[in-house]
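The values are calculated or read from the model by the stated rules, or taken from the named source; none is laboratory data. Here the structure is a predicted model, which is why all the values come from computation and not from measurement. Cβ placement follows ideal geometry from the backbone for every residue including glycine, while neighbour counts extend to all protein chains displayed. Side chains included, ligands, DNA and RNA excluded: accessible areas come from the protein's heavy atoms. Shrake-Rupley method; radii C 1.70, N 1.55, O 1.52, S 1.80 Å.
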2 protein chains.
Amino acid sequence: MRYELYYWPSIQGRGEFVRLALEEGGADYVDVARRGKRGMSAMMKLLESKQLARRPYAPPFLKAGQDIIAQTALILFYLGPPLKLAPRDQAGRLWAHQLQLTVSDLVVHIHDTHHPVSGWLYYEEQKPAAKRRTADFWRYRVPKFLGYFEQVIKRNGGRYAVGRSLTYVDLSLFQIVEGLRYAFPKRMKRFERKVPLLIALHDRVAQRPRIKAYLSSDRRIPFSQWGIYRYFKELDA
Amino acid sequence: MRYELYYWPSIQGRGEFVRLALEEGGADYVDVARRGKRGMSAMMKLLESKQLARRPYAPPFLKAGQDIIAQTALILFYLGPPLKLAPRDQAGRLWAHQLQLTVSDLVVHIHDTHHPVSGWLYYEEQKPAAKRRTADFWRYRVPKFLGYFEQVIKRNGGRYAVGRSLTYVDLSLFQIVEGLRYAFPKRMKRFERKVPLLIALHDRVAQRPRIKAYLSSDRRIPFSQWGIYRYFKELDA
């Protein structure tokens, strides 16, 4: 099966959780919108289609044969079994999906640290609100979310989030740690000692041959000031 | 199967999407935390459990035999087939789930109209930000989200979101309309003419015998100033 991933071509964003799974799973895939203007217009054509009965609301979405699947967590739920990145039993698959949906919730909170008021205003126009949101994010949300994932890993034996081998949830947790380190280097450095299993999981993921190769390739888009994770010195106080 | 729903006892909140499905599906269920202090402490005990291998991150969650399922959209994905509120084919079920995840995204935006900066501040402490967020919500988000659902209904024949009979997605869209009418009566009144199929769907759901009985029972918690939907006159300008 050749997969087609459709996502914004210049940011990691939500698409990155899917890219990591496709890469680790050794999938045959095309990152469509990164193939120049034609790729981008193919994505917009699908998004704005007047015929497509099951049109996605937004990127990322995946085309697999006749199936078009949107929503990051659902794409991973769909890709998990064929890429061998999900448990074999149905209960395990639902549990992995539940964790991934909790990752999605966290991603909204991360994004909103720099854009709490409106996505249609520049960061500079909402700086005081961003500072307050970021303070509460680090005071309440990060300890609760990352503490939760730490406990999930612990109760599962200490090496993986779900089951006895790597799943897409582990890849997503890797990406959460990577992103928080980019956006909040100082805060994250102080916090990491509280979630040693999560950090160890991150480090193991980074060392996996396919992930390592991917991260050093030009298929991995660098972090920037245009994704979920953005670095502003004053928010990292 | 007797289901146990665990959710905050005094608000509709995210639990309401599940309650509507349980009611329309004629399920045998207990709304655990609404059974007085003992119910509430049963919920907190599960949430804070030190043993439970697959502890939920937050309410709502559902107990069905040995299964504990959290995340609103996942609970509905799980309940859809046994309650006959999901399509029979797997592709249809994934599509319904995809739509429900888009409803979940919309719910975050609705909530954040009144609490954009922080859930740990009172509304009164973030009023200017709430005004701006609400303006953009009605300018960009509502037309895009509700316009999308309108089109989904239209491409599916005009009566339902998915397939040829009622699904949990239709019940959730009903709840979206109800809530927006409560929180933004004037704005919603002006907007409704743009989404006639969605409004007609809402009205048909409201007339279904089980939903009608539920809405007029004391099992339906009234809207208030403590849920996703809150009414502030100045936000409804």
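Points worth noting:
- Test: residue in segment A:199-218 that is within 19 Å of residue B:57 (Cα to Cα), touching an Asp or Glu at 6+ places or on another chain (Cβ under 7 Å) and either in contact (Cβ under 8 Å) with a residue 12 or more places away in the chain or assigned to a loop (DSSP other than H, G, I, E, B) (or both): no
- When segment A:178-195 is limited to residues that are touching an Asp or Glu at 6+ places or on another chain (Cβ under 8 Å) and open to solvent by less than 40 Å² (accessible area, probe 1.4 Å), the one that is farthest from residue A:77 (Cα to Cα) turns out to be A:184.
- The listed residue being modelled with pLDDT of 95 or more, more than 23 Å from residue B:147 (Cα to Cα) and not polar (S, T, N, Q), out of A:42, A:27: A:27
- Residue in segment A:174-193 that is part of a loop (DSSP other than H, G, I, E, B) and over 30 Å from residue A:90 (Cα atoms) present: yes
- Taking the criterion of being open to solvent by less than 30 Å² (accessible area, probe 1.4 Å) and either of a type in the set (S, T, N, Q) or over 15 Å from residue B:72 (Cα atoms) (or both), the residues of segment B:47-62 that qualify are B:47, B:49.
- For beta carbons closer than 6 Å, sequence separation of 6+ or different chains, a first residue in segment A:25-54 that is under 25 Å from residue A:205 (Cβ atoms) and touching a residue at least 12 places away in the same chain (Cβ under 8 Å) and a second that is of a type outside the set (D, E, K, R) and part of a helix (DSSP H, G or I), the qualifying pairs are A:29/A:22.
- Among the residues here, residue B:21 does not qualify as closer than 15 Å to residue B:218 by Cα and either part of a helix (DSSP H, G or I) or modelled with pLDDT of 95 or more (or both).
- Any hit, segment B:5-12, residues being open to solvent by 40 Å² or more (accessible area, probe 1.4 Å), outside any helix (DSSP H, G or I) and either of a type in the set (A, V, I, L, M, F, W, C) or under 22 Å from residue A:93 (Cβ atoms) (or both): yes
- Just so you know, in segment B:92-111 the residues that are within 17 Å of residue B:230 (Cα to Cα) and either touching a strand residue (DSSP E or B) at 6+ places or on another chain (Cβ under 9 Å) or open to solvent by less than 10 Å² (accessible area, probe 1.4 Å) (or both) include one that is farthest from the other protein chains (Cβ to nearest Cβ), and it is B:110.
- Hey, residue B:114 touching a Lys or Arg at 6+ places or on another chain (Cβ under 9 Å), at the interface with another protein chain (Cβ under 10 Å from one of its Cβ atoms) and of a type outside the set (Phe, Trp, Tyr) or not: no
- Residues considered: B:227, B:157. Of these, the only one that is of a type in the set (Gly, Ala, Ser) and open to solvent by 50 Å² or more (accessible area, probe 1.4 Å) is B:157.
- Within segment A:178-194, no residue that is at pLDDT below 95 sits with its Cβ atom under 8 Å from a residue that is surrounded by fewer than 17 Cβ atoms within 10 Å (Cβ to Cβ) at 6+ positions apart or across chains.
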